[in-house]
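Presented below is the structure to which this report refers.
The values are calculated or read from the model by the stated rules, or taken from the named source; none is laboratory data. Please read these numbers as outputs of a predicted model, since none were measured by experiment. Glycine gets a Cβ as well: all are built from the backbone with ideal geometry, and neighbour counts include every protein chain shown. Note: areas computed on protein heavy atoms with side chains; ligands, DNA, RNA excluded. Shrake-Rupley method; radii C 1.70, N 1.55, O 1.52, S 1.80 Å.
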Amino acid sequence: MARSTAEPTRLAPITRLRPALPSIPGVPAIRLESKVVSPPVRAGSVLRRSLLERLAATPASLVSVVAPAGYGKTSFLAQAADESPHPVAWLSLDRHDDDPVILTGLLAAALHQVQPIDPSVFEALGGGDQSPWSALTRLSSALDGHPSVTLFLDDLDALGQGPAVDLVGSLLEL
């Protein structure tokens, strides 16, 4: 039997299947998909090694970068998410997310991509009172016992200074 001199066929790496995205009141499914997946790191991007090392040395559970438009915040966060040794939940924000109910749903959906979140969190958002605080409390309880997750919030400054930003602060305190 003759040996082949051709290179062996390399299989593509197996990627972890993400859980199906839940329904979030006020957020179309197609928009939701684009918000909870980190962008790919572009070839030729400037690698900000010193910033990446500083971030890696910090036990952060939430990461957001503030700088003027065009300074590469999203590129840096994508690099940091790509190099993180911990599971990363990603959420890209914009001015349409400046609502506590929508933001709570988006936070839960982002974290759901790392590890499935109890459906009661999403049910609380779709309920009659649509209380983000009830859903936030359930989200916090659902996260207990989960592996260390780092939440990357891209464009957090798009939310302004209202109740949605207060909600992010409350999540950190829970």
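Values computed for the structure shown
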read-out	value
Subset of segment 52-96 that is touching a residue at least 60 places away in the same chain (Cβ under 8 Å) and among the charged types (D, E, K, R) - its residue that is most open to solvent (accessible area, probe 1.4 Å)	ARG95
Filtered residues of segment 33-50 (kept if under 25 Å from LEU171 (Cα atoms) and either in a loop (DSSP other than H, G, I, E, B) or not basic (Lys, Arg) (or both))	GLU33, SER34, VAL36, VAL37, SER38, PRO39
Any hit, segment 22-31, residues being surrounded by 14 or more Cβ atoms within 10 Å (Cβ to Cβ), at pLDDT 85 or above and part of a loop (DSSP other than H, G, I, E, B)	no
